[in-house]
Amino acid sequence: MDTNDWSPRTLAVAAGRPEGPGEPLNVPIVAASTFDAGADRAYSRQDGTPTWEALEAAIGALEGGHATAFASGIATLSAVVDTLPVGAKVCVPTFSYAGSRGLLAHAHGTGRLVVTEIEPEDTAAWIAAADADLLWLESPTNPTLDVIDIETIAAAANGLVAVDNTFATPLGQRPLELGADIVVHSATKLIGGHSDLLLGLTIAADEGVAKALRDARTRLGSTPGALEAWLALRGLRTLPVRLAEQTRTAKLLATRLLDHPAITRVRYPGSGTMIAFELPDAETADKVIGSLRLIRAATSLGGVESLVERRAWMAGDAHVPAGLVRFSVGLEDPEDLWTDLASALG
């Protein structure tokens, strides 16, 4: 059976493993900064390590492109920006990851870029911005869970289209197949899946773009640690079963939240592990969060544990509805999660 015929679930488990008689089943943690001279690999910062490369091979196979590992999710955007000329025009969703918008706003303020924000679901506005050097998309968006029409926007674009695929994962959507040029992930989240690492990934459709991103990684020094790459690869192996179970629970809880009288709005795109629900105001939301016992109040998402956060408390998300609570659904028993939610909601 050709590996090209493997399903995404199988690729998540099998891609990137060492091959050949006597090879280890799992790539080892190669904790080395430098290598004996005389071969292609000389220094980790510029040439990579076998641990990174195994992760990159696996993610590249899943997304259908050329992958590069970075020290964090936000480092992927830094690398993409590094490839753009001074004064490049960049468009970003109004509601999207605060870290990404913050980095772009800083670049705009210094004159490095000209940045415009566009409502996520305003496809006509995205098409009108087709001449931008970079359309930075995110779907579903963080934290409002808006769904962007990637395929239509990518078909109209004249510059680069990059998609943050962190929430959907490669098992939920493959943006390169929809016409995107670059896919990025915060592997800190669902790919790693255990809230124990920081790591980012880019996947480019074109090898030339991939090389430019690898070169940017070297210039910026945003290389991942060997342990983090190994942990991310180990997390990837269980992503299919984690994602399936967490999605089942999220669908159940989203349905029940819709019927709860304390909730003013539920945002759930129909799949995935993330829910956003709204309460009348910030005070009510903070009280509910403070009353939870099983579900933890913490930032980040995508781990095996359920987390909630009222996003408008952050300066970068001050425009988000004050009572919106982002809910990352974990692997706990769904009935225990519902009991905790129902008790806190009153």
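We did not get these values from a lab; they are worked out from the coordinates using the rules stated. Note that the structure is predicted; figures quoted are calculated from it, not measured. Backbone-built Cβ (ideal geometry, glycine too); neighbour counts: all protein chains shown.
Mind checking which of 115, 163, 241 has the largest fluctuation in a GNM of the chain, springs on alpha carbons under 10 Å?
Of 115, 163, 241, the most mobile in the Gaussian network model is 241.
Would you work out if the stretch 162-216 is rounded, prolate or oblate? Take a ≥ b ≥ c from the square roots of the eigenvalues of the alpha-carbon gyration tensor; rounded if a/c is under 1.5, else prolate when a/b is larger than b/c, oblate otherwise.
oblate
Taking the Cβ of residue 213 as the centre, find all other residues whose Cβ is under 12 Å away and add up their charges (Lys, Arg: +1; Asp, Glu: -1).
Net charge around residue 213: -2.
Of the GluC sites (Glu not before Pro) in the stretch 17-100, which ones lie in a loop per DSSP and count no more than 14 other C-beta atoms within 10 Å?
When the GluC sites (Glu not before Pro) of the stretch 17-100 are filtered for loop state and at most 14 Cβ neighbours within 10 Å, 19 remain.
Note down the magnitude of the dipole of the stretch 239-345 about its Cα centre, charges +1 on Lys and Arg C-beta and -1 on Asp and Glu C-beta and zero elsewhere, to the nearest 20 debye.
My answer is approximately 260 debye.
5 Å is the cut-off here: which amide hydrogens, built 1.01 Å from N in the peptide plane, fall below it relative to residue 166, excluding neighbours closer than 5 in sequence?
So residue 166 has HN proximity to 186.
From the phi of every residue in the stretch 230-241, what ³J(HN,Hα) in whole Hz does the Karplus formula 6.51 cos²θ - 1.76 cosθ + 1.60 yield, where θ is phi - 60° and glycine or proline is x?
5, 5, 5, 5, 5, x, 4, 4, 9, 3, x, 6
Based on Cβ point charges of +1 for Lys and Arg and -1 for Asp and Glu, what charge dipole magnitude is obtained for the chain about its Cα centre, in debye rounded to the nearest 20?
580 debye
Calculate the FRET efficiency for residue 291 and residue 318 from the Cβ-Cβ distance with a Förster distance of 30 Å, rounded to the nearest 0.05.
0.80
So if I average 1/r over every pair of distinct C-alpha atoms in the chain and take the inverse, what Kirkwood radius in Å does that give?
Computed over the chain, the radius equals 20.8 Å.
Applying the Karplus parametrisation 6.51 cos²θ - 1.76 cosθ + 1.60 with θ = phi - 60° to the phi angles of the stretch 303-317, what ³J(HN,Hα) value in whole Hz is obtained for each residue in order, glycine and proline being reported as x?
Whole-Hz 3J(HN,Hα) from phi for the stretch 303-317: x, 6, 9, 7, 10, 10, 7, 8, 6, 5, 5, 7, 4, x, 10.
Taking amide H positions as placed in the peptide plane 1.01 Å from N, state which residues far from residue 306 in sequence (5 or more) or on other chains have amide H under 5 Å from it.
HN-HN under 5 Å from residue 306: 296, 330, 331, 332.
Can you compute the helix-only [θ] at 222 nm over the chain? Use -39500 (n - 2.57) per DSSP H run of at least 4 residues, normalise by all residues, nearest 500 deg cm²/dmol.
Taken over the chain, the calculation gives -11500 deg cm²/dmol.
For the stretch 85-134, rounded, prolate or oblate, judged on the Cα gyration tensor with a ≥ b ≥ c (square roots of eigenvalues), a/c < 1.5 rounded, else prolate if a/b > b/c?
oblate
Please list, in order along the stretch 319-327, the HN-Hα scalar couplings obtained from phi with the Karplus expression 6.51 cos²θ - 1.76 cosθ + 1.60 (θ = phi - 60°), rounded to whole Hz, x for Gly and Pro.
Whole-Hz 3J(HN,Hα) from phi for the stretch 319-327: 7, 6, x, 4, x, 6, 10, 7, 10.
Set Lys and Arg Cβ to +1 and Asp and Glu Cβ to -1, take the dipole of the stretch 239-345 about its Cα centre, and tell me which of 291, 338, 250 lies farthest positive.
250
Using only the Cα atoms of the stretch 249-327, build the gyration tensor, take square roots of its eigenvalues as a ≥ b ≥ c, and label the shape rounded, prolate or oblate: rounded if a/c is under 1.5, else prolate if a/b is larger than b/c, else oblate.
Note, shape of the stretch 249-327 comes out rounded.
Could you work out the relative contact order of the chain? I mean the mean sequence separation of Cα pairs under 8 Å and 6+ apart, divided by the number of residues, in percent.
Relative CO of the chain lands at 17 percent.
Using a Gaussian network model of the chain whose springs link C-alpha atoms within less than 10 Å, name the residue from 301, 135, 197 with the highest mean-square fluctuation.
Per the Cα network of the chain with a 10 Å cutoff, 197 tops the list.
In terms of modelled amide H atoms, which long-range or inter-chain residues lie less than 5 Å from the amide H of residue 116?
Result for residue 116 returns 90, 91, 92.
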